[in-house]
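> What follows is a single structure, and I will ask about it in a moment.
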Amino acid sequence: MRIMAFDYGVKRIGVAVTDPLQLISSALTTVHPDDIWRFLADYLEVEAVETFVVGKPLQMDGTASESAQHVVGFVRKLKKTYPAIRVAEVDERFTSKMASSVIAQSGKTKKKRQEKGLVDTISATLILQTYMESKSMM
């Protein structure tokens, strides 16, 4: 069973998944928030997901950021729509910055580096990686 992670944004949601053995996290896609429920329904028809991991937007002092209210609503609907799938939240404070750094170091062209969807999917991958690392330390 896979683990799926989301970097939730009001314009785009970055999505990443693990392989079925939960060893490797990979960027999957970017989905518009209006399309996420159709995307999930289609994906879950062909793939088994054990856990959803959602990036939790926090300020530097650990308090909820302005965008946190959107994430709360998304998490609530995930739990209601898919009650059999566990939902975990992970601090995402540095993921966008780290994603931009990863892209810059990848040798991609400047145009490719400025693609916002790329940052979102890499951010989702970093959120998933953080979750997997915290799980392995337990």
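> What are the ³J(HN,Hα) couplings of the range 12-22, residue after residue, when phi is run through the Karplus curve with 6.51, -1.76, 1.60 and θ = phi - 60°? Round to Hz, x for glycine and proline.
Running phi through 6.51 cos²θ - 1.76 cosθ + 1.60 with θ = phi - 60° gives 8, 10, x, 10, 9, 9, 8, 6, x, 8, 6 Hz.
> What residues have an amide H closer than 5 Å to that of Val54, excluding those fewer than 5 places away on the same chain, when H is modeled at 1.01 Å from N in the peptide plane?
Here Phe6, Ala88, Glu89, Val90 satisfy the definition.
> Could I ask something else about it? Tell me which residues come under 5 Å, amide H to amide H, from Val49 once H is placed; ignore anything under 5 positions away on its chain.
Under 5 Å from the amide H of Val49: Arg2.
> By per-residue mean of other Cβ atoms within 10 Å, what is the highest-first order of 7-14, 120-127? Before the final figure, lay out the partial values.
Values: 7-14: 21.2, 120-127: 26.5.
Top to bottom by mean Cβ count within 10 Å: 120-127, 7-14.
> Related question: Enter the Cα centre distance for the pair the range 20-36 and the range 69-84, rounded to the nearest angstrom.
If we compute the Cα centre of each part, the gap is 16 Å.
> Something else now. Modelling each spin label as a point 7 Å along the Cα-to-Cβ direction, I'd like the Asp42/Gln69 distance in nm, to one decimal.
With each label placed 7 Å out from Cα toward Cβ, I get 3.1 nm.
> If you don't mind, there's one more thing I want to ask. Full extension from Lys11 to Ser134: what is 0.36 nm times the residue separation minus their Cα-Cα distance, to one decimal in nm?
41.4 nm
> Sequence-distant or interchain residues sharing an amide H contact under 5 Å with Leu28, placed H: which?
Under 5 Å from the amide H of Leu28: Val15, Ala16, Val17.
> Okay, moving on. Of Tyr43, Tyr131, how do they rank once you tally other Cβ atoms within 10 Å and put the fewest first?
Details: Tyr43 17, Tyr131 21.
Least to most surrounded, the residues fall as Tyr43, Tyr131.
> With labels modelled as points extended 7 Å from the Cα through the Cβ direction, what inter-label distance (nm, one decimal) is found for Ala88 paired with Glu50?
Simple spin-label model gives 1.0 nm for this pair.
Just so you know, all these numbers are worked out from the coordinates, no wet-lab data involved. None of these values were measured; they are calculated from a predicted model. With ideal geometry, Cβ positions are generated from the backbone for all residues, glycine too; neighbour counts draw on all protein chains shown.
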